[in-house]
Amino acid sequence: MSTSSNAFSYDGVSAVAVVDIGSGRIRGGWAGEDAPRCELPNVWHAKPRENLNGAYSAEGLEPKAVYPVERGQVQDWDGLEALLQDVLDRVSQPQSPQPYPLLLSRPMFSARSEDLGFAQLVLEKFDAPSLCLARQPILALHGISQSSGVVLDCGEGLTQIVPIFEGFVIEHAVRRMHLAGQDVTLELQRALSMRQPNPVYVSIETAREIKEKYCFVDQRSTPKPDDSMSRSHTTSSGDVITVGAERWKCPEILFQPSLGGLEGGGLAQQLNTAIASCAVDVRGQLCDKIFMAGGTTLTPGICQRLVKELSALVPHKQVKVVASPGRHLCSWRGGSVLGSLSTFPNLCITKQEFQEEGERIFQKKFQ
Amino acid sequence: MEGEGCSYVGFFDLQGNKWAESRNPILAITPEQIRHIVNAIASSNTVDLRASGAKLGTRKFICVFQDENVVVLKQLGGDADDKLMVSVGRFFKGCVVGAAPGGEREKCSRISVEKYTEYLKSINY
């Protein structure tokens with residue numbers, strides 16, 4: 001990736017930090033680079049808190065795991081601040097000027113109050129000179145050098161289906177669903193604990209590990225049970241867990257949410273609805289350019305199943321789903337591209353603008 | 001509005017009759033075309049620009065945004081350096097059309113149109 005210089009480049013060194021804040025992972029690096037320099041789980045282990053008498057309460061003895069972002073929404077600003085600071089400390093390079101502008105990725109239709117919270121955090125607390133808030137699916141499209149298509153961004157907590165025509169989001173067709181990787185993990189945890197005759201109780205972390213290693217999307221919606229599918233997983237504590245039909249049954253909720261007690265249509269149906277909500281003239285073009293992004297789209301078989309189901313829903317259109325190898329990093333890479341453009345400073349809110357105009361500046365810059 | 005990045009601005013009544021427009025009328029808009037869009041803004045349930053798109057002059061557009069005040073249209077086809085982004089805002093007595101060239105300036109059309117629509121509605125015009 002080549003780095004063109006912009007107002008935020010110093011001696012050929014990019015000085016824009018790019019942070020992709022997902023529900024599952026947070027990735028940080030520098031604009032113009034090919035990959036993030038650090039990637040951390042989006043979980044913060046809060047230190048035990050003292051009570052008013054200066055003593056630790058019983059429940060405060062252990063560090064508490066805090067998930068600062070859930071389903072794309074900020075739940076804990078203190079945790080997020082600490083995590084963001086940690087990421088920035090890790091990516092910092094000695095030659096970059098301090099402080100530097102920040103590009104943060106945000107989901108579609110995030111609340112204005114949250115955007116405001118980020119502006120206060122970055123521009124006031126972190127003292128950054130400017131901030132750009134960019135939408136993850138748009139960044140994902142930038143990351144693969146495209147300007148039109150449908151982005152299916154299926155991450156840990158959120159799935160976003162976003163039709164984009166020549167760089168413009170077709171807003172009324174956007175789908176934002178609470179059906180993503182964490183639902184598969186929870187379903188796997190539940191399925192293992194309900195299994196007869198040998199129920200297994202695993203932590204959410206172990207369930208996630210098993211999911212990432214062994215789960216796949218079957219090409220049939222109701223495959224026959226097959227013993228050869230079983231795999232054994234050894235946990236860090238040495239326990240051996242055997243997973244069988246759960247390997248395909250649990251990811252199946254992405255296509256049949258009702259199997260997991262969830263409402264709404266599956267990925268293919270939602271994708272079809274999103275495309276059908278767009279103008280007739282561009283539907284064919286959009287069916288032909290479906291781009292996968294987000295970690296959950298790395299599940300083996302998901303792409304083929306999507307093509308199969310969508311082709312059945314739109315039999316007269318050619319369906320093409322593009323699944324690039326590094327698609328879980330697409331949003332970050334798009335941020336890296338955007339942050340190195342000569343026009344990037346125009347997309348930023350400066351500290352001065354924020355101080356002078358407050359919330360109104362969001363309307364101007366990020367509409 | 002031209003000073004705010006729009007390359008074409010036009011004011012019309014709700015029947016599509018022209019009140020005023022830029023000296024460089026790059027869009028030869030007909031009254032029927034304006035009426036179609038204005039009706040769509042007023043009654044998005046019966047006229048859905050989101051599915052059908054719209055025509056302005058000889059250019060075809062798709063709808064990328066629509067609410068009860070404004071519709072934002074992006075040109076389909078045509079040369080890359082001649083493409084337009086058009087926003088139409090409906091106030092009580094008429095509508096304002098703002099067009100901006102594609103690229104960096106294209107969001108100017110929506111910002112300007114929304115601003116003037118909001119102002120004109122605020123004074124009950």
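Every number here is computed from the coordinates shown, using simple stated rules; none is lab data. Keep in mind that this is a model prediction, so the values were computed, not measured. Backbone-built Cβ (ideal geometry, glycine too); neighbour counts: all protein chains shown.
Numbers at a glance
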| read-out | value |
| --- | --- |
| Which of A:M108, A:M292 has the fewest Cβ neighbours within 10 Å, and the rest in rising order | A:M108, A:M292 |
| Fraction in percent of alpha-carbon pairs per bin - 5 Å, region A:262-367 | 2, 10, 15, 14, 13, 14, 11, 10, 7, 2, 1 |
| FRET efficiency estimate (nearest 0.05) - Cβ-Cβ, A:S113 to B:A80, R0 25 angstrom | 0.10 |
| Cα centroid separation, region A:154-233 to region A:64-134 (Å) | 28 Å |
| Counted charge near A:A140, where neighbours are those whose Cβ lies closer than 14 Å (Asp, Glu -1; Lys, Arg +1) | +4 |
| Potential extension, A:S148-A:V240 segment - 0.36 nm per residue separation minus Cα distance | 28.5 nm |
| Mean separation of Cα contacts under 8 Å (6+ apart) over length of chain A, as relative contact order % | 21 percent |
| Full-stretch length increase - A:T273, A:D86 - with 0.36 nm per residue and alpha-carbon distance subtracted | 63.3 nm |
| Percentage relative contact order, region B:23-123, counting C-alpha pairs under 8 Å, at least six apart | 17 percent |
| Pairs of lysines in region B:23-123 (C-alpha under 23 Å apart; 8 or more residues apart or interchain) | 16 |
| Lysine pairs within chain A, Cα separation less than 17 Å, 8 or more sequence positions apart or different chains | 12 |
| Within-13-Å neighbourhood charge of A:Q355 [Cβ basis; K, R +1; D, E -1] | -4 |
| Gain in span if fully extended, A:V307 to A:R190, counting 0.36 nm per residue against the direct Cα distance | 39.2 nm |
| Local net charge near A:D288, Cβ-Cβ under 14 Å (Lys/Arg +1, Asp/Glu -1) | +3 |
